[in-house]
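Undergrad: Mind having a look at this structure? Questions to follow.
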Amino acid sequence: MSNLFKFLPSVDSVLTRLEEEGVIDGLPRSLSRDLVNGFFDVCREEIRGGVITEEKQLAADVLFPRLACHVRAGARPHFRRVLNATGVVVHTNLGRSLLAESAVRAVEEACACYSNLEFDLTTGERGSRYSHVEKIICEITGAEAALVVNNNASAVLITLETLARGHEAIVSRGQLVEIGGSFRIPDVMTKSGAILREVGATNRTHLRDYENAINEETALLMKVHTSNFRLIGFTKEVSGAELVELGRSHDLPVYEDLGSGNLTNFDGLGLIREPTVQEVVAEGVDVVSFSGDKVLGGPQAGIIVGRKKYIDMIKKNPLNRAVRIDKMTLAALEATLRLYLDPERARREVPTVRMITEKPEELRKQAQSLARILRRELGDSMTVGVREGVSRVGGGAFPEQDLKTFLVTLVPCTGISVMELKERLLSTDPPLVARIEEDAFCLDPRTLSREEYKLAAGALMEAMA
């Protein structure tokens, strides 16, 4: 065994060959050397483990294909593109919303060029970065004023810290939610300095519960969107309008955390209705916050809208500096919001909205088209079918509610299991992520663009090789 180690090729010789064959074009030589050394460490372990037992297995020509694959894999960016065939539109693990083409162009220009980020082109003096989006947010939502921070968790934190620090904020017990990443409303309230005052029962909260809890320490009435779950059966919650009336009678502001917060009415899709931001603002709620990168379909952002009196207070909070948005977010958000000035254009051009509202008959055609491509490319290695299925909105919106779709089903015919296929596809370039249902690997065309069909076929061919 010990004699086999000396037959490993020299690092410099394989580096030269990698360069000659274009495997490491543009890769720093130090990184290339580290990757080659890492590959040879694997070979040494295989010698020790008895996987490599003969000198000929260590010949440069024998090792080179594996080495090239190892180097290419190691040279890939860690953060990279993934094909989403899960049918979950706002997939929180796969980057949430895709940006509209106009938003992508705006981000590219913001990155490549100087801009008027904090420069007033009218006066030639310092300006406010928030001025680029505040007016358009107010126009779309009907709010008096608006502020944007880096995500909705920050929006909740800075709103509570501004309006209720050291005082009580009254919340229904049934709305003390935890969402992805262990984000819990009670924990955020503690960090903000607000004192949580729970009222009601888990399934039923009445207006009188809020009213009975009001005292001299009360600073805020709060309502929270129940992301990621639904309460059904014997339930009751207090509407925003009822809380507003109660708040006015006690001179208390009302704050609603809408979570995913949508600007589009999705009636007609068979989904249980969720209020739009515009409707909540119209109820008179003083402050409303919601995400920019979920159902809205823009970049990661926390958007705070409401009465100017309270938004101005939040703007002046020193914490605002720590949670402010950058120029790329501003560029993407403004471009996305401009599409919402024409609701029909937003349905066509905002990818998230377009995917959610895609008609089942169109998805059937897309599934059949994808299946034809896969049958042609994969041949006898895979059984390809099409059947009805369901998609999900994701992002905490419309929990446990289905969107009708059509799935392309795949079952390998070459001895590997469906689970092994799923695992192999995580290592392809690009990786293909989908789901297993009824012993088949299922691709949902709702979240795959037509331009990605060939890429999906290529990933499957790579996984089956």
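Undergrad: Sort 287-296, 372-381, 50-59, 85-94 for me by packing, meaning the mean count of neighbouring Cβ atoms within 10 Å per residue, highest on top.
TA: Answer by packing, highest mean first, reads 287-296, 85-94, 372-381, 50-59.
Undergrad: Using a simple spin-label model with points 7 Å from Cα along the Cα→Cβ vector, what separation in nm is obtained for Met313 and Arg184?
TA: With each label point 7 Å from Cα toward Cβ, the separation is 2.7 nm.
Undergrad: Moving to a separate point now. Output the 0 to 90 degree angle, nearest 10, between the alpha-carbon long axis of helix 327-340 and the longest principal axis computed from the alpha carbons of the chain.
TA: Approximately 70 degrees, to the nearest ten.
Undergrad: I've got another one for you. Using the heavy atoms of the protein chains and a 1.4 angstrom probe, tell me the accessible area per residue for the range 82-226 in square angstrom. Write out the running numbers ahead of the final one.
TA: Numbers: 7060 Å² over 145 residues.
Dividing the accessible area of the range 82-226 by its residue count gives 49 Å².
Undergrad: In addition: If you line up the long axis of helix 131-141 against the longest principal axis of the chain, both from Cα atoms, how many degrees apart are they, to the nearest 10?
TA: Here the helix axis deviates by roughly 70 degrees.
Undergrad: Another question about this same structure. Listed highest first by mean packing, meaning other Cβ atoms within 10 Å per residue, what order do 354-363, 211-220 come in?
TA: Ranking the peptides 354-363, 211-220 by packing returns 354-363, 211-220.
Undergrad: State the Cα centre-to-centre distance between the range 1-71 and the range 369-408 in whole Å.
TA: Spelled out, the Cα-based centre of one part sits 40 Å from the other.
Undergrad: Still on this model: Report, in debye and to the nearest 20, how large the dipole of the range 1-53 comes out about its Cα centre when Lys and Arg carry +1 and Asp and Glu carry -1 on their Cβ.
TA: It comes to approximately 260 debye.
Undergrad: What length, rounded to one decimal in nm, is gained on full extension from Phe234 through to Arg44, with 0.36 nm per residue of separation minus their alpha-carbon distance?
TA: On the way: separation 190, 0.36 × 190 = 68.40 nm, distance 6.49 nm.
Using 0.36 nm per residue and subtracting the Cα-Cα distance, I get 61.9 nm.
Undergrad: Rounded to the nearest 0.05, what FRET efficiency is calculated for Arg173 and Val390 with R0 set to 30 Å and r the Cβ-Cβ distance?
TA: Approximately 0.40, to the nearest 0.05.
Undergrad: Give me the angle, in degrees from 0 to 90, between the Cα long axis of helix 152-164 and the longest principal axis of the Cα atoms of the chain, rounded to the nearest 10.
TA: With rounding to tens, the tilt is 30 degrees.
Undergrad: Report, in deg cm²/dmol and to the nearest 500, the calculated mean residue ellipticity at 222 nm for the chain, where each DSSP H run with n ≥ 4 adds -39500 (n - 2.57) and the sum is divided by the residue count.
TA: The helix-only estimate for the chain comes to -12000 deg cm²/dmol at 222 nm.
Undergrad: With each pseudo-label sitting 7 Å past Cα toward Cβ, what's the Arg33-Phe64 distance in nm, one decimal?
TA: 2.2 nm
Undergrad: Which pairs, out of Lys308/Lys404; Lys327/Lys422; Lys135/Lys404; Lys294/Lys359; Lys236/Lys327, put more than 31 Å between their alpha-carbon atoms? Provide the component values of the computation, followed by the final result.
TA: Values: Lys308/Lys404 42 Å; Lys327/Lys422 38 Å; Lys135/Lys404 37 Å; Lys294/Lys359 20 Å; Lys236/Lys327 42 Å.
Cα-Cα > 31 Å for Lys308/Lys404; Lys327/Lys422; Lys135/Lys404; Lys236/Lys327; rest within.
Undergrad: Normalising by the residue count of the range 339-428, find the relative contact order in percent from Cα pairs under 8 Å and 6+ residues apart.
TA: Normalised by residue count, the contact order of the range 339-428 is 23 percent.
Undergrad: Give, rounded to the nearest 20 debye, the magnitude of the charge dipole that the range 231-375 has about its Cα centre when Lys and Arg contribute +1 at Cβ and Asp and Glu contribute -1 at Cβ.
TA: 700 debye
Undergrad: Rounded to a whole number, what % of the accessible area of the chain do carbon and sulfur atoms account for, probe 1.4 Å?
TA: 49 percent
Undergrad: Follow-up question, since we're still on this one. Using the crude model of +1 on Lys and Arg Cβ and -1 on Asp and Glu Cβ, and no other charge, please compute the dipole size for the range 42-162 relative to its Cα centre, in debye to 20.
TA: 600 debye
Undergrad: Would you mind calculating the relative contact order of the chain from Cα pairs under 8 angstrom and at least 6 residues apart, reporting the percent as a whole number?
TA: 19 percent
Undergrad: So if I restrict to the alpha-carbon atoms in the range 29-187, what is the Rg, and what is Dmax, the biggest pairwise distance, in Å?
TA: Both quantities, over Cα of the range 29-187: 26.8, 78 Å.
Undergrad: Please compute the length gained on full extension between Asp380 and Ala465, using 0.36 nm multiplied by the number of residues separating them and subtracting their Cα-Cα distance.
TA: 29.3 nm
Undergrad: Now for a different question. Compute the relative contact order of the range 249-296 as a whole-number percentage, counting only Cα pairs closer than 8 Å that sit 6 or more residues apart in sequence.
TA: 55 percent
The values are calculated or read from the model by the stated rules, or taken from the named source; none is laboratory data. This one's a predicted model, so the numbers in the text were calculated from it and none came from an experiment. Note that each Cβ is placed from the backbone with ideal geometry, even for glycine, and that neighbours are counted across all protein chains shown. Surface accessibility is based on the protein's heavy atoms, side chains included, excluding ligands, DNA and RNA. Shrake-Rupley method; radii C 1.70, N 1.55, O 1.52, S 1.80 Å.
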